[in-house]
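Scroll down for the structure; my scribbles are underneath it.
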Amino acid sequence: MFMRIALFFLALIATLAPVEAGGGKRLFGSEIRLALSGVTLDGVYSDSLFFSETYFEDGLIRYHDVNGADSGEWTIEDDTFCTFYESLNGACFFVERHGANCFSFFEALEDDNGRIRPAADWTSRGWNRDEDPTCPTPPEAEI
């Protein structure tokens, strides 16, 4: 029991430690799993298209946007969050957290040296629909 409590507090401390990259705190393997497993995210793509996606604890996905719905699987590979679908294209993403309830996803791309790096701009941004979002206001929405 003590070990579980200690691991919980270590995970909590790790999620609070500042690691700034693209304006948020970069999440790694177990942090990604802890943050997203069993959660439904509502969000937007960088082109402003709205989506909703549920990441079931068993690794399955259910996805919805204005064009329809799809199912698939999610995994964590080399500290990236990967989503693959039955009909849609999938990819792997670096994940950053902004505050308590905002996640930015940067596509994982291979550089000229064969290393996997995050894309310069976020592909999508989402928040747990059961909590208030903490996402920064997109620049195009500022008045």
Among the residues of the stretch 30-44, is there at least one that is farther than 20 Å from residue 133 by Cβ and at pLDDT 95 or above? yes
Extreme residue, surrounded by the fewest Cβ atoms within 10 Å (Cβ to Cβ), among residues of the stretch 53-86 that are over 22 Å from residue 26 (Cα atoms) and either among the polar types (S, T, N, Q) or touching a residue at least 60 places away in the same chain (Cβ under 8 Å) (or both): 67
Can you find even one residue in the stretch 87-110 that is outside any loop (DSSP other than H, G, I, E, B), small (Gly, Ala, Ser), within 10 Å of the chain's Cα centre (by Cα) and surrounded by 12 or more Cβ atoms within 10 Å (Cβ to Cβ)? yes
With the condition kept exactly as written, say whether any residue in the stretch 130-139 is more than 23 Å from residue 29 (Cβ to Cβ) and assigned to a strand (DSSP E or B). no
Take residue 15 and tell me if it is surrounded by 12 or more Cβ atoms within 10 Å (Cβ to Cβ), of a type in the set (Val, Ile, Thr) and either assigned to a loop (DSSP other than H, G, I, E, B) or modelled with pLDDT under 95 (or both). yes
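The values are calculated or read from the model by the stated rules, or taken from the named source; none is laboratory data. Values in this document were obtained by computation on a predicted structure and should not be read as measured data. With ideal geometry, Cβ positions are generated from the backbone for all residues, glycine too; neighbour counts draw on all protein chains shown.
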